[in-house]
Amino acid sequence: MNPFDVESFVATGGLIGLCVLVFVETGLLVGVIFPGDSLLFTAGVFAAQPDPFAPLWLVVPLVALAAIAGDQCGYFIGRRLGRGVVEGRMMRSIGPDYVARTNAFFDRFGPLTVFFGRFIGIVRTLVPLTAGFSGMSHRVFTLFSVLGSLAWAGGIIVAGYLLGNVPIVRDNIEILIIASVLTVVVPMFVHVARRWRAMRRRQRGVVRVETPRDDQTPPETG
């Protein structure tokens, strides 16, 4: 099952596959590459079909529970391993930009970051880890995690469910899915390209510093 082939993933993996991926997206750092919002919207569309892959009343709470469990896993990984280890891995995985963005959210909004971060791709993966190693109260984290997960899962899935029977949405679901996946893939590609260019600039700068100029004369000896 390919999570980037959103329609096939939901149809093949079903509710269990969807819940596993939602858990991985926030529970493990590899989740930064998954199109979670697209999967939830597509699940809502599929739940509205005459032969749904699962009823809406079951999809929403189970996906919310998977998101909450993923947050808990990420939180305890961050608390267990500590800031140095986790932030170092975050830097190597996605670069300093998203890490700095997440830290800025925490500085500005405090615990509300756990709630609002759930709606921002990549940031929602980093928030539980950051909350864990920064020493946020587990009770406070859990409260905002539960509220954010319920709002995120319920809002996006129900939106897909309500729009699933709208002709323009139903007849163009493939285009909508591709567009939503691109919102994840394109920013990641741009981010990787910028990191590569910055690394190349640093390497060229080091070479220029270490390579002596032609007009330099060796020091006199004797």
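The table below gives the values:
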| quantity | calculated |
| --- | --- |
| Shape call, segment 61-141: gyration tensor on alpha carbons, a/c limit 1.5 | rounded |
| With every protein chain in place, segment 40-119: carbon and sulfur % of accessible area (1.4 Å) | 64 |
| 152, 57, reordered so the largest accessible area comes first (probe 1.4 Å) | 57, 152 |
| Spacing of the two label points (7 Å from each Cα toward its C-beta) at residue 166 and residue 140, in nm | 3.9 |
| Förster-model FRET efficiency, 22 Å R0, residue 159 and residue 108, C-beta, rounded to 0.05 | 0.20 |
| List 97, 71, ordered by accessible area with a 1.4 Å probe, largest first | 97, 71 |
| Net length gained if the chain between residue 51 and residue 197 were fully extended (0.36 nm per residue, minus Cα distance) | 47.7 nm |
| Potential lengthening between residue 76 and residue 97 on full extension [0.36 nm per residue; Cα-Cα distance subtracted] | 5.2 nm |
| Around residue 128: net Lys/Arg minus Asp/Glu count, Cβ-Cβ under 15 Å | +4 |
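The values are calculated or read from the model by the stated rules, or taken from the named source; none is laboratory data. None of these values were measured; they are calculated from a predicted model. Reconstructed Cβ throughout: ideal geometry from the backbone, glycine too, with neighbour counts over all protein chains shown. Surface areas here come from the heavy atoms of the whole protein model, side chains and all, with no ligands, DNA or RNA. Shrake-Rupley method; radii C 1.70, N 1.55, O 1.52, S 1.80 Å.
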